[in-house]
1. In the range B:86-191, which helices (runs of 4 or more DSSP H) lie fully inside it and hold 3 or more residues that are over 30 Å from residue B:207 (Cα atoms)?
2. Any idea which of A:301, A:309, A:283 is in contact with a strand residue (DSSP E or B) (Cβ under 9 Å, 6 or more places away or on another chain), at pLDDT below 90 and away from chain B (no Cβ under 14 Å)?
3. Just the residues that are surrounded by 21 or more Cβ atoms within 10 Å (Cβ to Cβ) and more than 14 Å from chain A (Cβ to nearest Cβ), please, taken from the range B:145-162.
4. Of the residues B:116, B:106, which is surrounded by 14 or more Cβ atoms within 10 Å (Cβ to Cβ) and either touching a helix residue (DSSP H, G or I) at 6+ places or on another chain (Cβ under 8 Å) or without any contact (Cβ under 8 Å) to a residue 60 or more places away in the chain (or both)?
5. Residue by residue through the range A:397-422, note down the ones that are within 8 Å of another protein chain (Cβ to nearest Cβ), free of Cβ contacts under 8 Å to residues at least 40 places away in the same chain and surrounded by fewer than 23 Cβ atoms within 10 Å (Cβ to Cβ).
6. In the range A:141-166, which residue that is assigned by TED's automatic domain parsing to the domain that holds residue A:213 and free of Cβ contacts under 8 Å to residues at least 60 places away in the same chain is surrounded by the fewest Cβ atoms within 10 Å (Cβ to Cβ)?
7. If we keep just the residues of the range A:145-155 that are touching a helix residue (DSSP H, G or I) at 6+ places or on another chain (Cβ under 6 Å) and assigned to a strand (DSSP E or B), which is nearest to residue A:300 (Cα to Cα)?
8. If residue A:438 passes every condition in (1) assigned to a loop (DSSP other than H, G, I, E, B); (2) more than 7 Å from chain B (Cβ to nearest Cβ); (3) surrounded by 24 or more Cβ atoms within 10 Å (Cβ to Cβ) but one, which one does it miss?
């Protein structure tokens with residue numbers, strides 16, 4: 001009898017222990033939601049934008065203990081096609097950053113959820129108005145908002161302020177393309193043996209990690225378009241030829257830009273810039289803060305593209321990153337809540353003051369005015385002014401993937417194979433049209 | 001052999017065959033099905049038959065890409081084989097300890113990540129902050145831009161490929177050399193054969209199987225490599241190092257033309273199989 005009671009007691013105690021371990025676990029596992037987000041930034045990285053990303057996520061998780069944001073870092077130029085493939089395979093992340101070049105595909109594929117449904121419809125009208133910009137319009141189709149921009153990227157001239165100052169060049173004095181060439185000539189330095197130790201201007205022309213070509217602002221400044229209304233390339237137009245001639249003449253004729261840049265990637269270009277080998281480069285506003293971290297805050301600045309004498313400035317390519325919620329994701333509501341915070345007023349201040357990005361919301365621009373006025377932060381104002389007055393976004397009505405590579409290849413053909421500018425651009429047009437079935 | 005014993009054998013291999021079908025052949029079959037459709041936003045839409053394949057034939061630049069792929073593969077495989085064979089014969093003659101150390105050194109490039117190794121080469125040769133450029137300038141030689149010249153860019157690509165894969169080839173050939181009994185060489189010496197005759201008439205024929213294996217593996221790995229050209233040259237300058245895997249990669253991930261990318265990948269797959277069959281046939285390999 002005693003033994004039986006002992007056995008029952010033991011079983012009861014075991015049952016209690018088991019129950020005590022199970023009871024707290026069940027609600028915890030049910031409450032914790034993991035939201036996967038694809039971006040090219042790392043939440044453990046040390047660049048200004050990565051620090052900002054980590055801080056925003058930390059703030060959100062602190063305010064929402066039941067949600068865990070997992071950042072899955074991807075290679076930037078492959079991330080959007082990979083997201084589209086993952087959407088088709090049914091295993092895309094809850095949230096993904098989408099590059100402008102593939103925005104039309106992302107929306108057309110049905111991979112992005114309508115943010116109006118998820119959270120924007122709850123906003124007051126003033127909040128919606130606060131977001132008004134070309135970026136906002138680009139991600140809107142009909143009455144649906146498919147994404148919101150997280151990283152507006154204004155691609156123009158990034159310069160070494162210290163080197164320009166030493167050469168007696170005021171960036172504001174570079175008003176025309178000829179001024180730009182003259183400044184590049186002045187900034188080019190040769191040693192006693194006649195070897196160039198520093199070039200005035202450079203851009204990378206590799207097909208890998210390709211940035212938009214400098215002939216694009218030249219062409220747009222003349223009032224031409226890069227694509228015809230039917231989506232076919234319009235590279236070899238008279239303005240396109242003039243723009244490409246200007247870019248390649250900097251290398252071939254004036255030798256103020258390195259011939260080696262025919263195979264430089266964007267990263268190679270930044271290495272050269274950071275190594276004092278180039279004074280001015282074509283660069284995006286989002287990389288200025290990283291370059292400042294390396295070279296000193298006051299030593300790196302950004303200026304608008306020069307005009308053609310008739311217009312003050314030529315339009316620059318704005319090739320940023322929009323953030324969207326996966327339409328088939330199992331955690332759309334939670335993902336939407338995070339995106340709402342991630343790109344809201346509180347977070348945008350962090351994106352600007354910590355990440356060094358230019359603001360998208362009018363209220364943020366006002367709130368950070370004193371920060372922008374601080375030495376070294378002038379590029380934020382330049383990028384903001386450029387985006388509102390002199391910006392160009394790639395169309396989303398048709399796929400434009402490959403246009404950067406096509407123009408860079410044309411440059412390589414001119415510089416390395418000696419092909420004539422017009423012929424190289426016509427080749428690029430044919431290639432682009434064929435690749436896109438046009 | 002009874003029907004029962006025949007079925008028993010089939011039953012033994014059936015699970016392995018099913019796994020192979022699932023892992024190896026199902027993606028190919030899916031890829032083929034996928035290539036028969038028009039693809040929009042990464043998803044198949046209308047049935048297009050062989051349209052994606054016909055578009056490959058219409059591409060006037062694809063022939064040149066194929067030629068470059070053949071040149072790159074032939075040069076890289078031939079050079080790797082010659083260097084690996086020489087190294088294997090040399091290591092086989094070394095003492096045990098020294099031989100082991102040399103083997104470890106030789107195999108290092110093979111075990112390093114391809115992307116990391118190729119990036120190292122790029123940083124050495126990239127103009128003009130690379131190590132190679134600095135050394136050239138220090139020697140007073142005019143700046144040589146290896147990555148900017150079509151010929152030297154291809155030569156560099158072949159060089160990196162040889163460097164990366166020679167370790168694997170050495171290990172396989174060395175295993176083959178170790179498997180040749182010493183008696184054969186001793187008998188040949190007694191018969192008056194010189195070292196060259198011993199190598200040419202005895203060692204080389206006995207290395208036929210490992211040589212064939214290495215040739216097949218090297219050919220396939222060079223023909224299908226995308227990391228090395230992508231990181232080192234990006235297919236440039238111009239189209240100088242644009243080989244078939246880069247073409248597939250660009251179609252799939254730059255212009256997002258998954259239809260023709262899949263069609264081209266499947267044509268390459270068929271080419272790979274034909275090449276292996278041709279090698280085996282040419283070498284009269286009997287099991």
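The values are calculated or read from the model by the stated rules, or taken from the named source; none is laboratory data. These figures come from a predicted structure and were not determined experimentally. Please note: Cβ atoms are built from the backbone with ideal geometry, for glycine as well, and neighbour counts cover all protein chains shown.
1. Per the criteria, B:114-125, B:131-138, B:150-178.
2. After ruling out the rest, the residue left standing is A:309.
3. Of everything in the range B:145-162, those that are surrounded by 21 or more Cβ atoms within 10 Å (Cβ to Cβ) and more than 14 Å from chain A (Cβ to nearest Cβ) turn out to be B:158, B:160, B:161, B:162.
4. B:106
5. Answer for the range A:397-422, where residues must be within 8 Å of another protein chain (Cβ to nearest Cβ), free of Cβ contacts under 8 Å to residues at least 40 places away in the same chain and surrounded by fewer than 23 Cβ atoms within 10 Å (Cβ to Cβ): just A:417.
6. A:166
7. A:154
8. For residue A:438, the exception is condition (3).
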